[in-house]
Structure formats: C-alpha cells, structure tokens
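Structure, as structure tokens:
The values are calculated or read from the model by the stated rules, or taken from the named source; none is laboratory data. The shown structure was predicted, so the numbers you read here are calculated from the model rather than taken from an experiment. Heads up, the Cβs are rebuilt from the backbone with ideal geometry, glycines too, and the neighbour counts pull from every protein chain shown.
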Amino acid sequence: MAAQTSAHNVYKQNSVTTASPGELTLMLYNGCLKFLSKAKHAIGEKNIQEKNTNLLKAQAIISEFMTTLNMNIEVSKNMLALYEYMNKRLVEANLKNDIAIIEEVEGLVTEFRDTWKEVLRINRQQQYGNGNQV
C-alpha cells in the first residue's frame, strides 16, 4: 500500500511540474473546490479544525489568484472585486459555520473554473487547428 501511495504522490508531483500555466490555474480552481467541499463536510461532522483548515486553504488559493491578476487588463478589476467578495464570504462562513455561504462561493469558483476550461479548450483548438486535439 505504501508503494502505491508513493507512486501516486510522484505522479501528482510530475503532473504539477509538467503542467502549463493554464493547466496549473485549472488545478488551482479544482483544488479550491475540493477544499470547499471538505469544509462543508467538516461542518456536517462538527469538525471545526478541519473546516477551518480547508477554508483557509481555499482562501489561500483565491488570494493567489488575486495577486496574479494583470491589473492593466480591465476585466481584472472586476475579477479582483469578485475574488475579494469570495474571500470575505469565506471568512464569514468560517465564523458562522455556514454551509450556504460556502455553496455560494462554490458556485462562483465553479463558474470561473468552467470558463477557464473553455478558454483552454479554445486555445488548444487554435493552436492545433480545427479541433484536432493532441
């Protein structure tokens, strides 16, 4: 079992180190959604420490998105406002143990993630031609 876990960890590490910046962004969105889901589960289990840990991890990812925005692009100002809102809501969810607030943020993160997936798909199509994917 330990060898299997070790192989899985090596695979995950290789996935991150060989991913493009676009794929890394997608991984971060997926990671944020995973942490939000774990936080909701922890609230249901009344595990306050696990809830706090996972909400802080989700907030760290959102903060990373905020710091990497190119503020010379107009849409970044709108995205920054949404990221700030999500972070504020997660602080509130953490204080109130409120699953509904986490679900609100999950919805926003899912929209960002799905939009990003579509951008990656379109870029691949443009890079490799008429829909021919590698």
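Residues of the range 68-108 that are hydroxyl-bearing (Ser, Thr, Tyr) and either surrounded by 15 or more Cβ atoms within 10 Å (Cβ to Cβ) or farther than 15 Å from Tyr29 by Cα (or both): Ser76, Tyr83, Tyr85. Residue count for the range 17-67, restricted to those that are exposed (fewer than 12 other Cβ atoms within 10 Å of the Cβ) and modelled with pLDDT of 95 or more: 5. Quick one: which residue in Glu111, Glu118 is loosely packed, with under 13 Cβ neighbours inside 10 Å, at pLDDT 95 or above and within 12 Å of the chain's Cα centre (by Cα)? Matching residue, one of Glu111, Glu118: Glu111.
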